[in-house]
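The values are calculated or read from the model by the stated rules, or taken from the named source; none is laboratory data. Values in this document were obtained by computation on a predicted structure and should not be read as measured data. Methodologically, a virtual Cβ is constructed for each residue, glycine included, from the backbone with ideal geometry; neighbour enumeration extends over all protein chains shown.
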Amino acid sequence: MAQELLTTFDDEITSLTLIPATGGLFEVRANDELLWSRKEQGRFPEITELKQLVRDTIAPDRSLGHSDKKPSSDNQS
C-alpha cells in the first residue's frame with residue numbers, strides 16, 4: 001500500500017513513514033490527520049478507498065482516473 005501511495009502521489013508525498021507495531025495496528029495519516037484506522041474500521045482498506053481518502057486530504061482536485069469514485073456534490077435526479 002505504501003508503494004501504491006508513493007506511485008500515485010509522487011508529486012504530492014514528500015515522505016512516508018512506516019512504523020512497526022504489534023497487535024495488528026494499521027493507521028494512515030496525512031498532514032497529522034487520521035485517515036484510516038484498522039482498529040476503528042475493523043478491517044484493512046481497499047487500495048482504491050485508501051487512495052481516495054489520501055487524495056481528498058492532500059490533493060482534492062486531483063483525478064485518480066479509472067479508480068476515481070469521488071462522490072459528486074451535484075446530485076441532480
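For the stretch 23-72, the tally of residues that are more than 10 Å from the chain's Cα centre (by Cα) and of a type in the set (Val, Ile, Thr) stands at 0. Looking across the stretch 7-28, the residues that are of a type outside the set (Val, Ile, Thr), closer than 19 Å to Leu64 by Cα and exposed (fewer than 13 other Cβ atoms within 10 Å of the Cβ) come down to Asp10, Asp11. With the requirement that a residue be surrounded by 14 or more Cβ atoms within 10 Å (Cβ to Cβ) and either of a type in the set (Phe, Trp, Tyr) or on the phi > 0 side of the Ramachandran plot (or both), what does the stretch 35-51 give you? Scanning the stretch 35-51 gives a single hit, Trp36. What is the one condition in (1) at pLDDT 90 or above; (2) not in a loop (DSSP other than H, G, I, E, B) that Pro60 does not satisfy? Answer for Pro60: the failing condition is (2).
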